[in-house]
Amino acid sequence: MASLKTNLCGVEFRSPLVLASGVLGVTASSMINVINNGAGGVTMKSLGPEERKGHPCPTMLSFEGGFMNAVGLSNAGIDEGVNEIIEYRQRCKEPIIASIFAFKTGLFGELAQKISKVKPDLIEINISCPNVESEAGIPFAMDKEAAAQLTKLVKQKTDIPVIVKLSPNALNIGEIAKACEIAGADAINMGNTLGPGLIINPEAKKPVLSNKFGGVSGPGLFPIALKRIWDVYAAVRIPIIGTGGVTDGRDAIQMIMAGASLVGVGTAVLYGDISVFRKMNEEILEFMEKNNYKTIKDMVGVAHE
Ligand SMILES: Cc1cc2nc3c(=O)[nH]c(=O)nc-3n(C[C@H](O)[C@H](O)[C@H](O)COP(=O)(O)O)c2cc1C
């Protein structure tokens with residue numbers, strides 16, 4: 001009998017599917033709802049040092065083949081996030097990944113220290129958001145030295161395993177991932193949205209999003225994300241969370257075969273609803289049974305062989 005159980009950095013997941021950051025990951029209640037619908041774990045919306053309103057509406061649009069967003073990292077701030085983790089922990093035992101972001105290196109360390117006190121299972125550092133570039137400069141994830149320096153700093157501030165979330169925009173992704181591994185990263189999330197991209201409303205003669213540009217997610221991102229996961233797997237020994245455009249069980253299996261130990265799912269939840277986790281679990285299991293795979297681990301990276 002095939003099993004969906006898997007493990008990342010010593011943390012047990014009952015399914016390889018985890019909620020990606022930024023979609024339904026704000027309150028304990030909504031995250032528990034995602035767990036109750038079949039996700040193996042949840043990633044919280046990225047938390048910054050203080051409350052942040054983000055960009056004005058419209059912040060999201062769908063186009064043929066994908067989604068684009070420029071939410072602008074709106075969040076309630078680290079202190080509120082800490083309370084949500086406390087509540088989640090009281091009510092749910094499945095793994096929770098805290099996500100943090102900042103525009104200055106030093107602040108990442110402070111955030112990691114603060115969030116570690118309430119013991120999320122893993123900490124993800126979001127160094128790759130493409131739609132706040134004008135405020136934040138080029139994302140740290142585009143530069144291997146910057147990414148490595150940040151990883152090192154965060155590792156010094158916490159005992160909880162650290163996942164570094166990279167950007168599909170980077171073509172030398174293997175080198176960047178390797179630099180993060182050497183700096184102490186425990187895992188890589190490959191990765192964030194691609195972009196910035198642009199969609200114009202021809203009648204209005206202007207961009208649809210108030211921020212004009214946004215990060216592209218959903219099915220159109222999938223083949224690019226898959227290739228980046230492939231490259232990261234070839235470059236590092238630490239485990240990978242594969243994220244970008246997964247909408248069904250076959251997509252998730254491809255990510256695993258390219259090298260992912262866990263698969264992040266974000267936009268698919270916006271396309272349909274949270275029942276996608278249950279459906280995808282069934283599709284993965286069916287594939288495993290048919291093709292004689294007993295565990296998820298048996299499929300990780302097999303497409304490289
Ligand atoms: C509306 C929206 C908000 C997002 N917010 C965050 C965020 O706060 N932090 C982060 O690391 N990624 C964020 N992401 C990126 C997703 O976690 C994911 O990496 C990306 O969308 C690709 O996966 P998907 O195609 O399954 O959505 C966001 C994505 C969307 C669509």
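Computed over segment 27-146, the convex hull of the alpha-carbon atoms projects to a mean area of 8.7 nm². Checking the cross-link pairs K45/K117; K104/K157; K5/K119 against a 20 Å limit on the alpha carbon distance flags K5/K119 as lying beyond it.
Binning the alpha carbon pair distances of segment 139-185 at 10 angstrom intervals from zero yields the distribution 32, 56, 13, 0, expressed in whole percent. Dividing the mean sequence gap of close Cα pairs (under 8 Å, 6+ apart) by how many residues the chain holds gives a relative contact order of 20 percent. Taking each DSSP H run with n ≥ 4 as -39500 (n - 2.57) and averaging over every residue of the chain yields -10500 deg cm²/dmol at 222 nm. When the inverse distances between all different Cα atoms of the chain are averaged and flipped, the Kirkwood radius reads 18.9 angstrom. One Cα centroid belongs to segment 206-280, the other to segment 106-182; the line between them spans 19 Å.
Positive-end ranking of N211, G259, V246 along the dipole of segment 206-305, with charges on Cβ about the Cα centre, is headed by N211. Mean separation of Cα pairs under 8 Å and 6 or more residues apart, divided by the residue count, gives segment 27-92 a relative contact order of 38 percent. Its Cα centre serving as origin, segment 94-204 has a Cβ charge dipole (Lys and Arg +1, Asp and Glu -1) of approximately 380 debye.
Here the dipole of segment 3-140 is about 380 debye; that uses its Cα centre as origin and unit charges on the Cβ of Lys and Arg (positive) and Asp and Glu (negative). A convex hull fitted around the alpha carbon atoms of segment 88-176 yields 106 Å³ per residue. The region of the chain that goes longest without hitting one of the trypsin sites (Lys or Arg not before Pro) in a DSSP loop, each with at most 16 other Cβ atoms within 10 Å, is 118-204. Around the Cα centre of the chain, unit charges on the Cβ atoms of Lys, Arg, Asp and Glu (plus for the first two, minus for the last two) sum to a dipole of about 240 debye.
For segment 190-292, the alpha-carbon radius of gyration amounts to 1.25 times the rule-of-thumb value 2.2 N^0.38 Å expected for a compact globular protein.
Only the coordinates and a few stated rules stand behind these numbers; no lab work does. Keep in mind that this is a model prediction, so the values were computed, not measured. Glycine gets a Cβ as well: all are built from the backbone with ideal geometry, and neighbour counts include every protein chain shown.
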